[in-house]
Amino acid sequence: MSLNQVLVVEDEIVIRASLRRLLERHDYQVSEAGTVKESLEKYDIDTFDVIISDLRLPGAPGTDLIKSTSVPVLIMTSYSSIKSAIDSMKMGAVDYIAKPFEHSEIIEAVARIIREHPNRRGMSASGSEDEDAPISGMIGSCPQMHELFRRIRKVAQTNSTVLINGESGTGKELVARGIHDLSSREGQEMISVNCAAIPENLIESELFGHEKGAFTGATATRTGLVEAANGGTLFLDEIGELPLEAQARLLRVLQENEIRKVGSVQSKKVDIRLVVATHRDLKQLVEGGQFREDLFYRINVMTLLIPPLRDRGSDVLQLADVILQRTCRRLKAPTMVFSEDANQSIAEYSWPGNVRELENAIERAVVLAESTEIGEELLAIETDFRPDLQKTVSLATNQAGPAEPIEELSLEDYFQRFVLEHQDSMNETQLASKLGISRKCLWERRQRFGIPRKKKTTMG
């Protein structure tokens with residue numbers, strides 16, 4: 001049996017040599033480096049079973065190794081404080097050990113880490129490694145994302161309807177695209193539709209098409225998006241926002257594999273793979289009469305859950321680096337890097353808007369940067385933000401009580417108050433017009449502040 005491989009990254013030669021001898025006495029194969037730069041240039045660090053690194057090193061800190069590999073990293077430091085321990089763990093370190101340490105302490109830690117995080121080297125021959133490899137266009141090495149990648153590959157081989165659950169900004173369309181690209185329909189079209197971005201009075205026409213003269217303004221026959229996806233995949237994002245009348249038509253598509261254009265008496269057969277997504281609890285919508293129960297059971301065949309960014313550990317730093325380089329190329333800016341403080345802020349922030357919010361923060365920082373290093377202040381994020389704060393504000397705004405003078409309200413508070421006070425008397429188009437924003441922007445702000453759109457409660 002081959003020996004477990006350990007990389008020791010430590011700039012103090014005496015400590016590094018001592019660790020090497022200790023680990024070799026316990027049957028580990030040990031490699032060593034003095035800096036993060038040396039370890040990356042000298043070795044393929046993905047081949048190790050565990051990396052032991054000092055926190056404070058010449059050049060980049062030891063935590064930078066976390067962003068470069070999925071191999072577990074054990075951080076050691078003489079700066080033994082609770083803060084540095086927490087910071088290291090938040091950035092994705094698998095464990096933390098303070099110098100000076102007992103020999104038995106580090107040997108036990110290494111044995112436990114290898115036991116709990118078995119290296120997947122040598123498994124590619126059986127194909128097991130490929131199962132949880134990242135899907136094209138997606139980044140992630142945490143256990144939740146590995147499980148998601150495995151499930152995407154499994155469901156892609158079927159024709160079953162897939163329901164994707166995830167918060168706004170987590171990348172539901174990327175998951176849908178991954179399913180399509182790995183399926184037998186990859187050579188055909190994938191049509192994506194955001195159900196919340198289409199006015200209610202146009203949604204049926206957009207999805208199912210219409211005949212000439214079917215309604216005022218229908219000056220020509222139009223092919224719907226469902227028919228356009230024939231032979232391929234139809235992705236319906238935010239299906240929880242679909243009006244009840246359109247839900248009935250979609251159910252017919254799933255049951256009979258056919259569509260009928262608005263104003264037509266003839267049906268047409270279609271062959272589509274349906275993938276839907278939502279950030280809402282569809283069971284709760286069914287109980288409230290806002291979503292058809294029969295349609296829910298039709299689409300709830302295979303369910304995929306995308307973890308929010310705050311639950312993905314060191315993935316956020318890996319994502320941030322990739323997004324930063326991509327943004328620099330797109331904006332034709334020089335190559336930039338994050339400062340240590342910026343990395344710490346990125347790791348500590350809860351990112352309620354998920355990957356979309358991260359992309360926006362990085363683009364703003366690149367535009368404003370005056371050097372090739374992006375500092376914490378350019379990201380303009382509040383590290384003490386709590387995800388449930390917005391819910392509390394929304395709830396408080398909706399409760400009876402003395403109203404604040406309008407001039408003392410923030411723009412966010414004013415938006416919430418206006419929507420809550422007028423959503424029963426105005427439709428979405430009117431609300432958006434009064435607020436001076438688009439319907440899509442109105443929908444996005446509703447999601448951000450936890451104010452779902454009210455619907456009719458009568459089944460059609």
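Summing +1 for each Lys or Arg and -1 for each Asp or Glu among the other residues whose beta-carbon sits under 13 angstrom from that of N360 gives -1. Between E105 and Q255, residue separation times 0.36 nm minus the direct Cα-Cα distance comes to 47.8 nm.
Each peptide among 327-335, 312-320, 91-99 gets the average number of other Cβ atoms lying within 10 Å of its residues, and from highest to lowest they stand as 312-320, 91-99, 327-335. Across the stretch 309-379, Cα pairs under 8 Å and at least six residues apart give a relative contact order of 40 percent. Each stretch of four or more DSSP H residues adds -39500 (n - 2.57); spread over every residue of the chain, this sum gives -12500 deg cm²/dmol at 222 nm. Summing Cβ point charges (Lys, Arg +1; Asp, Glu -1) relative to the Cα centre of the chain gives a dipole of roughly 1780 debye. Computed over every Cα-Cα pair of the chain and binned at 20 Å starting from 0, the pair-distance distribution P(r) comes out as 20, 46, 28, 6, 0 percent. Taking the longest Cα principal axis of the chain as reference, the axis of helix 143-156 is set at about 50 degrees.
Show me the chymotrypsin sites (Phe, Trp or Tyr not before Pro) within the stretch 254-307 that DSSP assigns to loop and that have at most 16 other Cβ atoms within 10 Å of their Cβ. Listed in order of number, the matching sites amount to none.
How far is helix 244-256 tilted off the main Cα axis of the chain, in degrees rounded to 10, range 0 to 90? The answer is roughly 80 degrees. Once the Cα atoms are used to define both axes, helix 439-449 deviates from the longest principal axis of the chain by about 50 degrees. Measuring max minus min along each principal axis, the C-alpha atoms of the stretch 309-379 give extents of 32, 22, 16 Å (largest first).
Coordinate-derived values only; no laboratory data. Not measured: the values here are computed from a predicted model. Methodologically, a virtual Cβ is constructed for each residue, glycine included, from the backbone with ideal geometry; neighbour enumeration extends over all protein chains shown.
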